[in-house]
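Written below as structure tokens is the structure these notes are about.
The values are calculated or read from the model by the stated rules, or taken from the named source; none is laboratory data. If you're wondering where the values come from, they're calculated on a predicted model, not measured in any experiment. To get the accessible areas, we keep the full protein, side chains included, count just its heavy atoms, and leave off ligands, DNA and RNA. Shrake-Rupley method; radii C 1.70, N 1.55, O 1.52, S 1.80 Å.
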Amino acid sequence: MKQRQCPDCGSTEVFPIDLHRNQGGAIWVMLWDTYGRKRIDLTTLACADCGLIRQYAADDAKSRNHLARALIRPSDDPR
């Protein structure tokens, strides 16, 4: 969907949903990373044809860096 094409129906009618912080509509997640809690804003996209809605983390280097440090990855050790 980030490429403006719906993965379900193939439509190109994909638009961002504008959520205003002052109206209580901002969507974000709090994650613990190496240095404490970090707030990561989410972008919401919707398909006008089939109604699919998806959320993505902000597409900036700072948010990606926080995500990389905060997400838990499975270990390779098969204990």
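Brief remarks follow.
- Being open to solvent by less than 30 Å² (accessible area, probe 1.4 Å) and at pLDDT 75 or above is a property that holds for A70.
- Verdict on I27 being at pLDDT below 80, among the aliphatic types (A, V, I, L, M) and open to solvent by 100 Å² or more (accessible area, probe 1.4 Å): no
- Identity of the residue in region 30-67, over 14 Å from the mean Cα position of the chain (by Cα), of a type in the set (D, E, K, R) and open to solvent by 70 Å² or more (accessible area, probe 1.4 Å), that ends up farthest from R4 (Cα to Cα): R37
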